[in-house]
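Worksheet: one structure, shown below.
The values are calculated or read from the model by the stated rules, or taken from the named source; none is laboratory data. Predicted model only: the values in this text are computed from it and were never measured. Backbone-built Cβ (ideal geometry, glycine too); neighbour counts: all protein chains shown. Side chains included, ligands, DNA and RNA excluded: accessible areas come from the protein's heavy atoms. Shrake-Rupley method; radii C 1.70, N 1.55, O 1.52, S 1.80 Å.
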Amino acid sequence: SGSSSASAGASCSGIPAASIKIANIFPLTGPTASSGQLGTTLSTIMVDYFNQHDSICGHAIDLTNYNDKGDPATSLSIARQLVSQGETIIMQDSYSAPQNQIQPYLMQQHVLVVTNNGAFAIVNPKDNPTFFSVGPSNAQYAVLMVDWAKSHNLNNIGVLNDGTSFSVELAQDVQDDVKAAGLTFVKEITYSPTAL
């Protein structure tokens, strides 16, 4: 069909027969289920659209969603199961504490993760060459948030974070940008990543 399937030949020789398996690890139940359910819906739409309009060397994408319930131990168990089955492409590697738990394991196993996480601590290609973010970086998010606050004449800025690498890094970027913009950084409050 499209350009990716037209580039067959030698570049397609290493792809096994049948569909290409991709997995999501999401909290589909528990306190952060709404985020996981939205992620499931969005990724299903993307995969369905891709499969209707293109292929990878003639192969469709087969997406499976796994429920980690927002629990780090469950998330790590799912990640280990996927690796043992030979499924080494993950589109979403959970959120918050579960993501922090499984990232070192996925990196050690050379699992390809393509997601929208903006934390340089995770997406740093030097340390984690198989992790790719398709979204803005934390530094870019921070600039946008501080620019918005300044344009709305807000001077006193505080940050809430859940203690995960993503939010700690974002909070530091925001704090640095707040000070550079001449605004007042009031306080940073860290709460449990499982808090409602």
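Using only Cα atoms, what Kirkwood radius does segment 16-125 have, in angstroms? Don't skip to the end; give the middle numbers.
On the way: mean 1/r = 0.0702 Å⁻¹.
Hydrodynamic radius (Kirkwood, Cα only) of segment 16-125 equals 14.2 Å.
Lys/Arg Cβ at +1, Asp/Glu Cβ at -1, dipole of segment 51-192 taken about the Cα centre: which of GLY86, ASN128, MET145 is farthest positive-ward?
It is MET145, whose Cα lies furthest towards the positive end.
Using r as the Cβ-Cβ distance of SER192 and ASN116, and R0 as 22 Å, what FRET efficiency do you calculate, to the nearest 0.05?
For R0 = 22 Å, the calculated efficiency reads 0.40.
Per residue, how big is the convex hull around the C-alpha atoms of segment 107-164? Give it to me in cubic angstrom, could you? Present the calculation step by step, with values, prior to reporting the outcome.
Values: hull volume 5.4 nm³, N = 58.
That works out to 93 Å³ per residue.
How high is the relative contact order of the chain, given as a whole-number percent (alpha carbon pairs under 8 Å, six or more residues apart)?
Values: 338 pairs, mean separation 34.2, N = 196.
Relative contact order, the chain: 17 percent.
Where does the Debye-calculated log10 I(q)/I(0) of the chain sit at q = 0.09 Å⁻¹, using only Cα point scatterers of equal weight, no solvent?
Listed by q, the Debye log ratios stand at -0.41.
With a/c under 1.5 counting as rounded, go ahead and sort segment 67-155 into rounded, prolate or oblate using the C-alpha gyration tensor (a ≥ b ≥ c being the square roots of the eigenvalues; past the cut-off, prolate if a/b is larger than b/c, else oblate). Before the final figure, lay out the partial values.
Working: a/c = 3.26, a/b = 2.07, b/c = 1.57.
Prolate shape, in that a/c is at least 1.5 and a/b is the bigger ratio.
Treating the angle as unsigned and between 0 and 90°, give the value, to the nearest 10°, between the Cα long axis of helix 138-151 and the longest Cα principal axis of the chain.
40
Treating the beta-carbon of each Lys and Arg as +1 and of each Asp and Glu as -1, no other charges, what is the dipole magnitude of the chain about its Cα centre, to the nearest 20 debye? Intermediate results must be reported in sequence, preceding the final value.
Details: 7 positive and 15 negative charges, 15 e Å.
For this selection, approximately 80 debye.
If amide hydrogens are placed 1.01 Å from N in the peptide plane, which non-local residues have theirs closer than 5 Å to the one on ASN128?
Distant-sequence amide H within range of ASN128: zero hits.
Of the heavy-atom accessible surface of segment 44-189 (probe 1.4 angstrom), what whole percent is carbon and sulfur?
Working: 4450 of 7750 Å².
The value for segment 44-189 is 57 percent carbon and sulfur by accessible area.
For the chain, what proportion of DSSP beta bridges, expressed in % and rounded to the nearest 5, is antiparallel? Walk me through the numbers before you get to the answer.
Details: 1 of 22 bridges.
Around 5 percent antiparallel, to the nearest 5.
Assuming 0.36 nm per residue, please report the length gained on full extension of the stretch VAL134 to LEU38 beyond their Cα-Cα distance. List each step's numbers first, then the result.
On the way: separation 96, 0.36 × 96 = 34.56 nm, distance 1.70 nm.
Fully extending the segment from VAL134 to LEU38 adds 32.9 nm.
Which percent of the Cα-Cα distances in segment 34-77 go past 12 Å?
Numbers: 624 of 946 pairs.
Within segment 34-77, distances greater than 12 Å cover 66 percent of Cα pairs.
Counting only residues 5 or more places away or on other chains, whose amide H sits under 5 Å from the amide H of ASN161 once H atoms are built in the peptide plane?
The list, which skips near neighbours in sequence, is ILE189, THR190, TYR191.
I'd like to check one number: the per residue accessible area of the chain, probe 1.4 Å, reported in Å² as a whole number. Display every interim value, and only then the final one.
On the way: 10620 Å² over 196 residues.
Spelled out: the 1.4 Å probe surface of the chain, per residue, equals 54 Å².
Can you tell me the 0 to 90 degree angle between the C-alpha axis of helix 96-108 and the longest principal axis of the chain, rounded to 10?
It is inclined by approximately 50 degrees.
Please report, for the Cα atoms of segment 119-196, the Rg to one decimal and the Dmax as a whole number; what are they, in angstrom?
Rg and Dmax of segment 119-196, Cα atoms, are 13.6, 41 Å.
Work through the residues other than VAL47 whose Cβ is under 13 Å from its Cβ and net out their charges, Lys, Arg +1 and Asp, Glu -1. Can you show the working numbers first?
Details: positive: LYS21; negative: ASP48, ASP54, ASP62.
Spelling it out: positives minus negatives among the neighbours equals -2.
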